[in-house]
Amino acid sequence: MSKVCAVFGGSRGIGKAVAKLLVQRNYKVAVISRNLDAAKATTEELGGHLALSCDVAQEQAVQRTFEEIVKKIGNVNCLVNAAGINRDALLLRTKTEDILSQLSVNLIGSMYTCKVALRGMVQQQDGAIVNIGFIHTDMTSSLEESTLNQNIPLGRFGEADDVAQAVTFLLSSPYITGHVLVVDGGLQLQM
């Protein structure tokens, strides 16, 4: 029986790379994005099983999304939180609403999805959750790569596929729990 994985932020970047690998490994994948058309296009392109729209900053929307997944493809065994927004600016110039929206999506949104997913996982006594951090995607394309590359021991900025490999490893490893896996090309070694 295939495991069901909900990939929030699954229509682009890291989430799309993760969804692609999970489909190839026979998971039933729900691609979730704020943009339903993007979720549908990605689901069709990858051969996923379900496309949904959800604003992770809205707790009731997250609850409804999980209910829809359970109803259409089964109980969620795996959750990948790859949804995020970026409002890069100097703190002095950052608008309060931009700070609040980043916190709502990037932090609180992941907490909402984890909270709902955990209910089902505890009942099933099975499940895995992976929360994604910072890597090279279109959201980080404005960063100066040459400077970053000089500080990364592997000599390059990580790509979505690099993270997707680590995510699929964690999701398929039943005895790993509560672990923080740093996928940064050795950047933390320089700090």
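The values are calculated or read from the model by the stated rules, or taken from the named source; none is laboratory data. Predicted model only: the values in this text are computed from it and were never measured. Note that each Cβ is placed from the backbone with ideal geometry, even for glycine, and that neighbours are counted across all protein chains shown. Keep in mind that these areas ignore ligands, DNA and RNA; they rest on the heavy atoms of the full protein, side chains included. Shrake-Rupley method; radii C 1.70, N 1.55, O 1.52, S 1.80 Å.
For a quick check, take a GNM of the chain with Cα springs below 10 Å and name the residue from VAL180, VAL163, VAL105 with the largest mean-square fluctuation. Of VAL180, VAL163, VAL105, the most mobile in the Gaussian network model is VAL180. Fully extending the segment from ARG25 to ASP126, taken as 0.36 nm per residue of separation minus the present Cα-Cα distance, adds 34.5 nm.
Given 0.36 nm per residue, what is the gain on full extension from GLN58 to LEU100 after removing their alpha carbon distance, in nm?
Extra length from GLN58 to LEU100 when fully extended: 13.8 nm.
Beyond 21 Å, what share of the Cα-Cα pairs of the chain remains, rounded to the nearest whole percent? Roughly 51 percent, once rounded to a whole number. Packing around the peptides 4-16, 73-85, taken as the average count of other Cβ atoms within 10 Å per residue, puts them in this order, highest first: 4-16, 73-85. Does segment 1-83 come out rounded, prolate or oblate, given a ≥ b ≥ c as the square roots of the eigenvalues of its C-alpha gyration tensor, rounded meaning a/c under 1.5 and, failing that, prolate meaning a/b above b/c? Verdict is oblate for segment 1-83.
Build a GNM of the chain with springs between Cα atoms under 10 Å apart, and of LYS28, LYS115, LYS40 the one that fluctuates most is LYS115. Of all the options VAL167, VAL29, VAL116, the one that moves most in a Gaussian network model of the chain with Cα springs shorter than 10 angstrom is VAL116.
Under the simplified labelling scheme, the LEU181-ARG87 pair shows an inter-label distance of 3.2 nm, with each label point 7 Å from Cα along Cα→Cβ.
Surface composition of the chain: carbon plus sulfur atoms contribute 52% of the solvent-accessible area (1.4 Å probe, protein chains only, all chains present). FRET efficiency for the LYS71 to LEU170 pair, using the beta carbon distance and R₀ = 22 Å, is estimated at 0.25. The angle between the Cα long axis of helix 109-124 and the longest principal axis of the Cα atoms of the chain comes to about 40 degrees, rounded to the nearest 10.
Roughly how many Å² is the accessible area per residue of the chain, as a whole number, for a 1.4 Å probe?
Value for the chain: 58 Å² per residue.
What is the sum of charges around ASP162, taking Lys and Arg as +1, Asp and Glu as -1, for the other residues whose C-beta is under 10 Å from the C-beta of ASP162?
Working: positive: ARG156; negative: GLU159, ASP161, ASP184.
Cβ neighbours under 10 Å give a net charge of -2.
Here the chain is assigned +1 on the Cβ of each Lys and Arg and -1 on the Cβ of each Asp and Glu. Its dipole about the Cα centre then comes out at about 540 debye.
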